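S.K.: Just dropping this structure here.
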Amino acid sequence: MSSTDNPSPHEASILHSWEQNADAWAHTVRDGHIESRRLVTDRAIIEAVLDGHPGSVMDLGCGEGWLVRALADHGIKALGVDAIPELIARASEAGGEFHVTSYDDIITGRWQRRVDTVVCNFALLGKDSVDKLVAALPSLLARGGRLIVQTVHPLVASREQVYEDGWRQESWSGFGRAFPAPAPWYFRTLASWIALFANSGWHVREMREPLHPATGQPASVIFVLQRR
Ligand SMILES: C[S@@+](CC[C@H](N)C(=O)[O-])C[C@H]1O[C@@H](n2cnc3c(N)ncnc32)[C@H](O)[C@@H]1O
């Protein structure tokens, strides 16, 4: 069964939301409107990738492509894939190798290219789609290859809400531009992330919690995983 058969309404609306938000997202990233990215998380994900001295990197859910360009500045051969054609068009215009490819293309084996590191920067948003993707990714990597995932820190992101897995809605308050559509995403506790990776062929090598300099709280969590 394909991951797009009978998806939950939330799951199905993730890509629809990103189609609508593509323009606002590209401007927000390129204009540096997200403070935590400027101050902490951009550098943190670049360092996590560079620390593994990769020969080839795939940025999965690359958006408008900033990370591929940043890695190229460090001499790393990287390519980016994303399901949203408008984001891939903008990424390609700015230079580098980019492809319109969805997580479903990887899950179903339509995307076959092998690399030695896969990176997902704030791009694992769904429930079933992400469960299946994380289980499919080892096949794109040689034994020992790395998957690096940066995501919101569950303890910080849950704030006053109950600390349990479930669908949330990004309302975009606090972002620099008007976003036309709310964006659904699936909240996972730290224990759920670890269980997902452990049950999908990954060895958790390291967990990083980069701190926001103003709040002293984690700005994100980074999982450095190795194919078993
Ligand atoms: C929060 S943005 C992050 C973009 C980029 N990684 C960055 O750091 O700026 C999430 C990205 O994940 C992509 N995405 C979400 N679900 C996807 C799917 N099923 N297949 C491909 N891309 C997907 C969206 O299109 C969007 O570009």
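No value in this document is a laboratory result; all are computed from the given coordinates. All values derive from a computational prediction rather than experimental measurement. So basically every Cβ, Gly included, is an ideal-geometry build from the backbone, and we count neighbours across all protein chains shown.
S.K.: If a/c stays under 1.5 just call it rounded; otherwise compare a/b with b/c (prolate if a/b is bigger, oblate if not). Do that for the chain, with a ≥ b ≥ c from the square roots of the Cα gyration tensor eigenvalues.
M.R.: Taking the square roots of the gyration eigenvalues as a ≥ b ≥ c, the chain is rounded.
S.K.: Which residue fluctuates most in the GNM of the chain (Cα springs below 10 Å): 186, 163, 103?
M.R.: 163
S.K.: Taking the Cα centre as origin and putting +1 on Lys and Arg beta-carbons and -1 on Asp and Glu beta-carbons, what dipole magnitude results for the chain, to the nearest 20 debye?
M.R.: My answer is approximately 620 debye.
S.K.: Using the Cα centre of the chain as origin and beta-carbon charges of +1 (Lys, Arg) and -1 (Asp, Glu), tell me which of 173, 162, 200 is placed farthest towards the positive end of the dipole.
M.R.: 200
S.K.: Same structure, new question: Lys/Arg Cβ at +1, Asp/Glu Cβ at -1, dipole of the chain taken about the Cα centre: which of 92, 67, 26 is farthest positive-ward?
M.R.: Farthest towards the positive pole: 67.
S.K.: Taking amide H positions as placed in the peptide plane 1.01 Å from N, state which residues far from residue 59 in sequence (5 or more) or on other chains have amide H under 5 Å from it.
M.R.: Here 79, 80, 81, 119 satisfy the definition.
S.K.: Classify the stretch 10-125 as rounded, prolate or oblate, taking a ≥ b ≥ c as the square roots of the eigenvalues of its Cα gyration tensor: rounded when a/c is under 1.5, otherwise prolate if a/b is larger than b/c and oblate if not.
M.R.: Verdict is oblate for the stretch 10-125.
S.K.: Sticking with this structure for a sec: Which residue, 224, 142, 14, has the largest displacement toward the positive end of the dipole of the stretch 9-227 when charges sit on each Cβ (Lys, Arg +1; Asp, Glu -1)?
M.R.: Farthest towards the positive pole: 142.
S.K.: Still on this structure: Share of antiparallel DSSP beta bridges in the chain, in percent to the nearest 5? Provide the component values of the computation, followed by the final result.
M.R.: Working: 18 of 36 bridges.
Percentage antiparallel, nearest 5: 50.
S.K.: Right, another one. Can you sort 215, 28 by how many other beta carbons sit within 10 Å, fewest first?
M.R.: On the way: 215 10, 28 20.
In order of increasing Cβ crowding within 10 Å: 215, 28.
S.K.: A follow-up question, please. Contact order normalised by length for the chain, with contacts defined as Cα pairs under 8 Å and 6 or more residues apart; what percent is it?
M.R.: Once divided by the residue count of the chain, the mean separation gives 23 percent.
S.K.: Within the stretch 77-92, whose backbone N sits under 19 Å from a point 7 Å along Cα→Cβ of residue 23?
M.R.: Residues 84-92 fall inside that zone.
S.K.: Also, quick follow-up: Quick one: 120, 62, fewest Cβ neighbours within 10 Å first, how do they rank?
M.R.: Values: 120 24, 62 28.
Ranking 120, 62 by Cβ neighbours within 10 Å, fewest first, gives 120, 62.
S.K.: Give me the net charge for the shell around residue 218: Cβ to Cβ below 12 angstrom, other residues only, Lys and Arg +1, Asp and Glu -1.
M.R.: 0
S.K.: Turning to a different aspect of this structure: Using the Cα gyration tensor of the stretch 93-202, with a ≥ b ≥ c the square roots of its eigenvalues, what is the shape: rounded (a/c below 1.5), prolate (a/b larger than b/c) or oblate (neither)?
M.R.: Verdict is oblate for the stretch 93-202.
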